[in-house]
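Structure, as structure tokens:
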Amino acid sequence: MAKLIVGNWKMHKTIAETKEHISLLRPLVFRADAEVWLAVPYTDIYPAVEASIGSRIKIGAQNMSELLGGALTGEVSGVMLQEAGASFVLLGHSERRRLFFEDNRSINRKAKLAERIGLRAIVCIGETLEEREKGLTEEVLMRQIDACLEGVENSFLAYEPVWAIGAKEAADPKIVENIHRFCQNYVAKANGHKEVKILYGGAVNPSNCEGFLAIPSVAGLLVGGASLDVKTFAEIVWSAEGKL
Ligand code: PGA
């Protein structure tokens with residue numbers, strides 16, 4: 001499968017900015033052989049979907065409720081996302097874990113629900129700098145995989161070392177290659193999954209993306225800051241040309 005490039009807009013872009021951004025992006029990625037997905041704020045989903053009609057861009061959300069409905073002020077359900085046109089959802093991003101106290105169990109409930117209703121989940125995992133420095137990276141990743149993917153069948157993973165998110169420097173591609181291989185083997189053993197797709201995320205930009213895209217176990221990239229500018233994001237998409 002072609003590489004998957006996912007832009008994570010976080011809490012950026014109004015509806016007007018979304019429409020403008022997508023109208024400029026779509027001709028730039030029209031011929032690209034990568035998959036192009038954008039995880040946008042809730043209020044941008046519907047206009048982003050409308051602006052993407054007839055293009056290769058798919059729109060998704062950055063979070064969803066672990067329940068389908070109820071008295072849950074401020075929450076948005078997966079079915080509502082689908083109705084707005086979302087085809088995927090990011091789950092357990094490190095900002096959700098750190099700032100909104102999401103834990104592995106809740107992320108697991110969300111991933112199972114997403115699968116049940118047919119929304120593709122991208123479950124984010126990754127160690128903090130402190131955990132890395134203590135030599136706990138593999139242990140942390142195993143714990144996250146065990147808990148988040150329990151009973152989950154076809155969700156994707158995004159390996160995002162917390163220390164690389166929003167940082168100046170991304171992780172070393174060699175480290176990423178080893179970790180992706182480790183996670184793939186672990187998922188295959190622990191959950192009986194044949195092959196899980198794993199994206200890399202954290203400080204990806206047009207100058208470092210080639211290094212990651214050349215790695216076969218990197219199914220694609222999750223791009224934060226560099227996805228906000230049309231041209232910069234398109235350059236990352238173009239770098240995926242011919243890479244499998
Ligand atoms: P970044 O963010 O590319 O700005 O480091 C990645 C992410 O948080 O998904």
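Nothing in this text is a laboratory measurement; each read-out follows from the coordinates by a stated rule. No experiment lies behind these values; they were computed from the predicted model shown. In this analysis, Cβ positions are derived from the backbone assuming ideal geometry, glycine residues included, and neighbour counts consider all displayed protein chains.
Local charge sum around GLY151 (other residues, Cβ-Cβ under 10 Å, Lys/Arg +1, Asp/Glu -1)? Taking every Cβ under 10 Å from that of GLY151, the sum is -1. Within the listed set MET11, MET64, MET142, the Gaussian network model of the chain (springs between alpha-carbon atoms below 10 Å) gives the highest mean-square fluctuation for MET11. In this structure, the amide hydrogen of LEU4, modeled 1.01 Å from its nitrogen in the peptide plane, lies closer than 5 angstrom to those of GLU35, GLY220, LEU221, counting only residues at least 5 positions away or on a different chain. For ARG96, ARG181, the sequence from fewest to most other C-beta atoms within 10 Å is ARG181, ARG96. In plain terms, the bigger the Kirkwood radius, the slower the diffusion; for segment 85-191, with that radius from Cα pairs, at 37 °C and 0.692 mPa s, Stokes-Einstein puts D at 231 µm²/s.
Tell me, CYS183, CYS124, CYS209 in order of fewest to most beta-carbon neighbours within 10 Å?
Numbers: CYS183 21, CYS124 27, CYS209 24.
Ascending Cβ contact count within 10 Å gives the list CYS183, CYS209, CYS124.
Taken as Cα centroids, segment 55-128 and segment 163-229 sit 20 Å apart, rounded to the nearest whole angstrom. Relative to its Kirkwood radius, the Cα radius of gyration of segment 25-67 gives an Rg/Rh of 1.03. Rounded, prolate or oblate: which one fits segment 63-117, using the alpha carbon gyration tensor with axes a ≥ b ≥ c (rounded when a/c is under 1.5, else prolate when a/b beats b/c, else oblate)? It comes out prolate by the Cα gyration axes. Projected onto planes of every orientation and averaged, the convex hull of the alpha-carbon atoms in segment 126-239 covers 7.0 nm². Less than 5 angstrom separates the built amide H of VAL123 from those of LEU91, PHE156, LEU157, ALA158, all sequence-distant by 5 or more or on a different chain. Rg and Dmax, both from the Cα atoms of the chain and both in Å, are 16.8, 49.
Couplings 3J(HN,Hα) for segment 44-52, derived from phi with the Karplus relation 6.51 cos²θ - 1.76 cosθ + 1.60 (θ = phi - 60°), are 8, 4, 4, x, 5, 5, 4, 5, 9 Hz, where x marks Gly and Pro.
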